[in-house]
Amino acid sequence: QVQLVESGGGLVQPGGSLRLSCAASGSIFSRNAMAWYRQVLGKERELVASIITSSTTNYADSVKGRFAISRDNAKNTVYLQMNSLKPDDTAVYYCKATTAFGISYWGKGTLVTVSS
């Protein structure tokens, strides 16, 4: 069983920055593939970024060049640095862990609102 707790969401003006954190427990963190997803009410959840190792990352086209995913295995934490935020980035952001056995776990999400 893996527990994930997201933090760092909030209200930010367009062009601003936020850093989301996802603290994991309950498994060997370094072996998990980690990802951030987001969901707007009424729409499907979409992949924002994923990371296996620091050199193996993947981003949605809509966030390339603005967002950066990273992980600190010593702290069992994955981060999402979000820069140049746009109103379209407004969503609930979820952390996902996929273990070496292929089992996925989700956090409860953190709300990001980009508005002036």
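The numbers here are math on the coordinates, done by the rules we state, and not lab data. Since the structure is predicted, the reported quantities are computational estimates derived from the model, not experimental observations. Using ideal geometry, Cβ is built from the backbone for each residue, glycine included, and neighbour counts are taken over all protein chains shown.
General remarks:
- Within the stretch 90-116, backbone nitrogen closer than 14 Å to the virtual label 7 Å beyond the Cα of ALA33 toward Cβ: 96-105
- Net length gained if the chain between LYS64 and ASN83 were fully extended (0.36 nm per residue, minus Cα distance): 5.8 nm
- Estimated distance in nm for a label pair at LYS43 and GLN3, the labels positioned 7 Å out from Cα along Cα-to-Cβ: 3.2 nm
- For the pair THR56 and LYS108, a Förster radius of 25 Å applied to the C-beta separation gives a FRET efficiency near 0.40, rounded to the nearest 0.05.
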